[in-house]
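Values in this text are rule-based calculations from the coordinates and carry no lab data. It should be emphasised that the depicted structure is a prediction, and the values quoted were computed from it without experimental measurement. Cβ coordinates were reconstructed from backbone atoms using ideal geometry, including for glycine residues, and neighbour counts include every protein chain displayed.
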Amino acid sequence: MRIAYDMFGIPDRLDCLYAGTMVVTTGGLVSGTGALIWTYAAVPGEPTWCLVVMSAPRSGTAWTYTIHCPAS
């Protein structure tokens with residue numbers, strides 16, 4: 001799995017949770033572009049989705065992200 005992000009000029013934080021567990025994070029406020037990568041093995045009966053939580057504590061912020069899940 002790969003999350004590519006652009007936090008532009010005002011720093012934001014991105015956390016990604018899978019099945020209630022944080023699997024990847026920016027670890028704090030970051031600006032500009034970057035990517036977070038982790039390994040995901042599909043298991044029958046387990047969730048097929050993840051939850052992305054954005055924290056944008058400063059006014060005037062903007063961000064984008066794209067999640068890429070390669071085919072198995």
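Any idea how far apart T64 and V23 come out in nm if each label point goes 7 Å out from Cα toward Cβ?
2.4 nm
Using a Gaussian network model of the chain whose springs link C-alpha atoms within less than 10 Å, name the residue from A19, A56, A42 with the highest mean-square fluctuation.
A42
In the set (1) 25, 12, 9; (2) 21, 15, 11; (3) 33, 21, 7, which value of semi-axes √(5λ) of the Cα gyration tensor in Å was calculated from the structure you see?
(1)
Using the number of other C-beta atoms within 10 angstrom as an exposure proxy, rank Y5, Y40 with the fewest first.
Fewest-to-most ranking of Y5, Y40: Y40, Y5.
Given an 8 Å cut-off on Cα distances and at least 6 residues of separation, report the relative contact order of the chain as a percent.
Once normalised by length, the contact order is 48 percent.
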